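Quick notes on the structure that follows.
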Protein chains: 4
Amino acid sequence: MSGVWGNNIKLSIFGESHGRAVGITIDGLPAGIELDLEYIESEMRRRAPGRNALSTQRQEKDSFEILSGFFNGRTTGTPICAVIWNSDQHSKDYSELKDLMRPGHGDYTGKVKYKGFNDYRGGGHFSARVTAPFVFAGAIAKQILRDKGIVVGAHIKAVGNIQEENFDSVNLSEDLLKELVKKEFPVIDDNKGTEMQNLIIQAKDELDSVGGIVETAVLNLPVGIGSPFFDSVESCLAHLLFSIPAVKGVEFGAGFDISKMRGSEANDEYYMDGDRVKTYTNNNGGILGGITSGMPMIFRTAFKPTASIARPQRTINITEGKEAELEIKGRHDPCIVHRAVPVVEAAAALTILDLMYNN
Amino acid sequence: MSGVWGNNIKLSIFGESHGRAVGITIDGLPAGIELDLEYIESEMRRRAPGRNALSTQRQEKDSFEILSGFFNGRTTGTPICAVIWNSDQHSKDYSELKDLMRPGHGDYTGKVKYKGFNDYRGGGHFSARVTAPFVFAGAIAKQILRDKGIVVGAHIKAVGNIQEENFDSVNLSEDLLKELVKKEFPVIDDNKGTEMQNLIIQAKDELDSVGGIVETAVLNLPVGIGSPFFDSVESCLAHLLFSIPAVKGVEFGAGFDISKMRGSEANDEYYMDGDRVKTYTNNNGGILGGITSGMPMIFRTAFKPTASIARPQRTINITEGKEAELEIKGRHDPCIVHRAVPVVEAAAALTILDLMYNN
Amino acid sequence: MSGVWGNNIKLSIFGESHGRAVGITIDGLPAGIELDLEYIESEMRRRAPGRNALSTQRQEKDSFEILSGFFNGRTTGTPICAVIWNSDQHSKDYSELKDLMRPGHGDYTGKVKYKGFNDYRGGGHFSARVTAPFVFAGAIAKQILRDKGIVVGAHIKAVGNIQEENFDSVNLSEDLLKELVKKEFPVIDDNKGTEMQNLIIQAKDELDSVGGIVETAVLNLPVGIGSPFFDSVESCLAHLLFSIPAVKGVEFGAGFDISKMRGSEANDEYYMDGDRVKTYTNNNGGILGGITSGMPMIFRTAFKPTASIARPQRTINITEGKEAELEIKGRHDPCIVHRAVPVVEAAAALTILDLMYNN
Amino acid sequence: MSGVWGNNIKLSIFGESHGRAVGITIDGLPAGIELDLEYIESEMRRRAPGRNALSTQRQEKDSFEILSGFFNGRTTGTPICAVIWNSDQHSKDYSELKDLMRPGHGDYTGKVKYKGFNDYRGGGHFSARVTAPFVFAGAIAKQILRDKGIVVGAHIKAVGNIQEENFDSVNLSEDLLKELVKKEFPVIDDNKGTEMQNLIIQAKDELDSVGGIVETAVLNLPVGIGSPFFDSVESCLAHLLFSIPAVKGVEFGAGFDISKMRGSEANDEYYMDGDRVKTYTNNNGGILGGITSGMPMIFRTAFKPTASIARPQRTINITEGKEAELEIKGRHDPCIVHRAVPVVEAAAALTILDLMYNN
């Protein structure tokens, strides 16, 4: 079992890549929220495939249909279910995947777990397509947070070996986050962005793929969200982030690098900025003792390169129990990092919203 | 709210550093398990303070008392509650902590969250002492897994800038893990271990502290544990790990480095080893699609340097709303990484056990 | 928040009476179960309106569409979402319900809870129509239990003052339960059934409604399902039953009458039937200490008369804050007890299945 | 698994009748609540045994020790664990219970569920003694509700066949509830109370036991607590009530009798009392659509007669698989209804508090 998440808002996710639809039910949202449908659509587009040479050519409009919990333009307070119908499916491309396990995918582990009954077409429930309804839910969460003055934003920190600088964790501006969300390829330094995109194209030309890192920030959080045990902000957010396909690492603030610091360097010393408590540095990424400190919340999420590559790969035929060679056909992203940005933002917004509703 | 975790086994944790006791209730364990009390005690000792110059001199024996769920040497199937009484408390050392917020600790965020009513002595519920009952629970989980042939082990991958090699993620031997658990300072390369310990002593002498990285492995896991959404092995394990005080990063398999690889390099290609499915590499750390693959499960956990250092630090007096200087008194660890090893192992064992009991 | 239930299987329910659809997501079902679609449809028909003079004339076919988790005729092990589209809606009938609160319904309490943003048409999410997807889920649960030899069945114990005998709680036969499920109006004594139906027609003619009692049994349960605290079989089942609209009472075994017995009478004494443990009586309804005893599980559920009646009623205009008179238009059931039978059975089957999957 | 309950406050209960202690951890209470320890003690005394001839002579003071979450007289906001040490145990009285299954108890079902490893002494975790920590938690909940003006109270509606009148569900006064709580044997009509007590003594003299019904009311609840699906007030409260040992029936408002009414009678018509919405009748017991209506919340809980009686009973020797005769020794209550009153009130208060903290 896996498809339900949350304490105060609950998500129930469903769907397979080549089934009838993917969708989500969101329970626990307040009544009376006027949903900004255009905004939700724009968030869906940020994740949608087929926009340019950097992404798969699968042409899904990713338009959602709300089935419940929405009346006269507003939330009713009862569960909202939204579905995204599947349409542009080339299921035949996947017929051999019944037997040949794609390296780096959940084909083999899913086959064993579900005793061979999982829907293998396009990865089924393991497909990144399941993140589409998750982005729908995240867009609503971001809208609610926005109305409270809380801003969520992210940039592509790295694609392969090409990195740009981290966010300024102390003086990060809302304006920067708002600019980033408008960019099709959200980086702080567009020159670096061009390099990253070139690397993606190059990998594609070489029938290969690349990974990367998304760095995310949340600004204007109140102090006091989260808990020491077991629902630290880091715990709850990492839980959601590691549900996103291809994520293999999550770090907060200085992250792994903080392990190399001395305490005297890592500790974020306090000062008063008028009557607000601030820290000179922000190595803890805005979270202390599992609880928000009021400083910018910062975290990084590592994505592996897309597992689907066109090169021949050594694998097994699970039905025959023999080794085999696989050439994956179909349309695939040479990199999913840029499409993952709104997914990561959704995880941040949903986690924060769920924790904010704690008594 | 924060103190409850789990689906099939549920942990409920409680206690403050300088209160009456810390403890845990474990619900959902099978009936009839003969608890290996000596083993549990030995695990508690691995975490206990006061053993050597590397740790705080607080002398807590960390002996537990089981209050329920245990009869005639075996689990009854009903909830097990165990407490660890607090004894060697120097609460006076902490009297000024009511006002002066220690940098790097949860003092300030806890103060705001709990409106000033939290038990500030020794960090209260934010204290790493709360991990003692967690290790108790983890020891039981490890014992149950051990009886199923599953082995959990860890080494100190890094202290500050001093690193040793990662585990061999493909051919990791049980023997190595079993050796590590016997070491007071568990490293693969004892020369590196000596360097690390020297660095800790040096930091202590400089009234400072150091952080580090723990790398953990789980061997002999069956294929098929975990779920794609939202309870991937990574999700559930990261959730627990990020509850451990001082953890700021978690990565699986190649982790952040996988983001620099090409897909053709990152993908773990399959082969048959007799009738067992294996992969030539293990960049995914034994988890694919959120589900165990049967390869060694590998993850790394980054710890920040101990926040309590004896050097003067800039802080605020929260009561007066003014800036202040703080010199932390009391007994503190110059490094908590070696004491954290059984805590991380406990998180791994409890997560795996909880997921294994899924229908 | 309310729409999620369960531990080992999780239900997430959504939808409004006059919205786009009602539906449910079921998470945690085993993979590979060949769904008996005809059986599920037949269960849906048992609940569906418009079949005869005893029910509302709303003509909903209640046919379901499975959106996920179902592939090649079998469950995949990932969440199953099913929707039942709304079609035959006379929303105009309900326009005055925006202001006039129907006595006995959730109109007023929902209005306050959801700050006036709930979908009031046909009761919205409070409508008994939401039980349609619940019956879908229950039919799957019953199918799985059936394959384990476990039989769920029910009869209409009472309509208004007309009662028939209780089940024989000691020697209840499977055959009787199987016969009952085939009846459009499931009673043991068809003469009593005729009286009940006449009473319903009479109430309808008088622009009024009647309530009743459903008695349900589950046979062939293994011993050992359920827990003492807090998940007794009674606890978990009552939780679901009291979610069904119009339920105001639940009792197990001898129920309220057991409070009048002496211990020497109420205690079910044991004997050996070959190597099976049985009791001479079954006042505890097959549950002792919250756990199934292997004797027939028996419980009764009290339904209030349909709140929607055509007679003029005194109420308030919530918008104006004034008293008013209401004549409810639209099509309504003079009695919902017979349509509730499969809903109650669904609650029993889902509870048992969820508890059976406990580790 | 069973020992954890709640969404916004979580209870984790543990302990066995003749083990080291029984206890509870309460998570999610607000910080800064000044606990009224005298009040909590007085509530514990209401449940405690050994007070008079009506109860078992086991002399447990039921004094609690708070281990965590309590500092300077106030809640800290972190989990509160309290234990009640076991002392006056006559475990030898129970030695034969290892083999002989007491009719009406959970001995047999627990034996099977826990594979013979349960602590059988005094019923172990099945003992009503486990309700002592539950009353501790309930007393805190009642104190918090009291500070919000919400009053919980109950009377013994029936012992055996002797009944007194129900509460006036429309005009129930706070004063009556406050008087009842002061009575050792809480009834509205003390003459009826004397009859009930005589019946209890008579049953005791006949080596037998009697059951009864507790009727409970909650006054001054805000409108809007609870949810339609799946967390109606009735659902959540019944869940807790059916965890209390010996409860076999729960009904709200007119309860089972509402099934005999016509809709025109059962529907509670509305009127305006100044600017407050009220109903002329209260057959729904203050709950409509699963949500509080602002009218008095009323429910009744049926208790079976104490299962432990001194008379010889037919049973089985589970070890030998043979029929046997049992004469239960030890000290037992001829009736537990009066001692159950604070337990039922605790269930009401905890349910209401948990639901009130919903976002």
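Readers should treat all values here as calculations from the given coordinates under stated rules, not as data from a laboratory. Because the structure is a prediction, the values reported are computed rather than measured. Every residue, glycine among them, receives a Cβ derived from its backbone with ideal geometry; neighbour counts consider all protein chains shown.
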For D:LYS278, which aspartates and glutamates qualify as cross-link partners when the Cα separation must be under 13 Å and same-chain residues fewer than eight apart are set aside? C:GLU323, D:ASP268, D:GLU269
Hz values of 3J(HN,Hα) by residue in the stretch B:343-356 - Karplus curve (6.51, -1.76, 1.60), Gly and Pro given as x: 5, 5, 4, 4, 4, 5, 5, 5, 4, 4, 4, 4, 6, 5
Spin-label point model (7 Å from Cα, Cβ direction): what's the B:LYS183 to C:LYS98 distance in nm? 7.4 nm
Show me, for the stretch C:196-212, the HN-Hα J-couplings you get by feeding each phi into the Karplus relation (A = 6.51, B = -1.76, C = 1.60, θ = phi - 60°), rounded to Hz, glycine and proline as x. 4, 5, 4, 4, 5, 4, 4, 4, 4, 4, 8, 6, 10, 8, 10, x, x
For the stretch A:70-193, calculate the relative contact order in percent as a whole number, restricting contacts to Cα pairs under 8 Å that are 6 or more residues apart. 16 percent
Using θ = phi - 60° and the Karplus form 6.51 cos²θ - 1.76 cosθ + 1.60, what ³J(HN,Hα) does each residue of the stretch D:317-333 get, whole Hz, x for Gly and Pro? 9, 5, 6, 8, x, 10, 6, 7, 10, 10, 10, 6, 9, x, 10, 9, 7
Rounded to a whole number of µm²/s, how large is the Stokes-Einstein D of chain A at 20 °C and 1.002 mPa s, given Rh as the Kirkwood radius over C-alpha pairs? 101 µm²/s
Listed residues D:ILE201, D:ILE66, D:ILE26; largest mean-square fluctuation, Gaussian network over chain D with Cα springs below 10 Å, found at D:ILE66
Residues D:ARG262, B:ARG47 arranged by fewest to most Cβ contacts within 10 Å: D:ARG262, B:ARG47
Within the stretch A:310-359, GluC sites (Glu not before Pro) in DSSP loop having at most 13 other beta-carbon neighbours inside 10 Å: A:GLU320, A:GLU327
Quote the charge dipole size of chain A about the Cα centre in Debye, to the nearest 20; the model charges only the Cβ of Lys and Arg (+1) and of Asp and Glu (-1). 980 debye
For the A:LEU176, A:ASP205 Cβ pair and Förster radius 22 Å, calculated FRET efficiency rounded to 0.05 is 0.10
Which residues does a label at C:MET272 reach in the stretch D:299-334, if reach means a backbone N under 13 Å from a point 7 Å past the Cα toward the Cβ? D:315-325
Plugging the Cβ-Cβ distance of D:ASN161 and D:SER87 into 1/(1 + (r/R0)^6) at R0 = 45 Å yields, to the nearest 0.05, a FRET efficiency of 0.75
Calculate for the protein assembly as shown the 222 nm mean residue ellipticity that helices alone would give, adding -39,500 (n - 2.57) per DSSP H run of length 4 or more and normalising by residue count, nearest 500 deg cm²/dmol. -8000 deg cm²/dmol
Among A:HIS125, D:HIS239, rank each residue by its count of other Cβ atoms within 10 Å, from fewest to most, as a rough exposure measure. D:HIS239, A:HIS125
Can you list residues whose amide H is under 5 Å from B:THR281's amide H, if they're 5+ apart or on another chain and H is modeled 1.01 Å from N? B:GLU269
Between A:TYR271 and the same site in the other copies, what are the distances in nm, shortest first, taking label points 7 Å from Cα along the C-beta direction? 5.9, 6.9, 8.8
Label-to-label distances across copies for B:ARG311, with labels 7 Å out along Cα→Cβ, in nm, shortest first? 4.6, 8.1, 8.3
If amide hydrogens are placed 1.01 Å from N in the peptide plane, which non-local residues have theirs closer than 5 Å to the one on A:ASN359? none
Output field shielding_mean for C:156-164 (other chain Cβ, 10 Å radius) holds 2
Compute the helix-to-body angle for D:37-47: its Cα long axis versus the longest principal axis of chain D, expressed 0 to 90° and rounded to tens. 60 degrees
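If I take R0 = 56 Å and measure r between the Cβ atoms of A:GLU320 and B:LYS329 in this structure, what FRET efficiency does the formula 1/(1 + (r/R0)^6) give, to the nearest 0.05?
0.20
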Quick one: what do you get for the protein assembly as shown if you divide its Cα Rg by 2.2 N^0.38 Å? 0.90
For the stretch B:232-359, just run the numbers: alpha carbon Rg, then divide by 2.2 N^0.38 Å, N being how many residues it has. 1.47
Quick one: label points 7 angstrom along Cα→Cβ at C:PRO222, distances to the other copies in nm, smallest first? 1.5, 4.6, 4.8
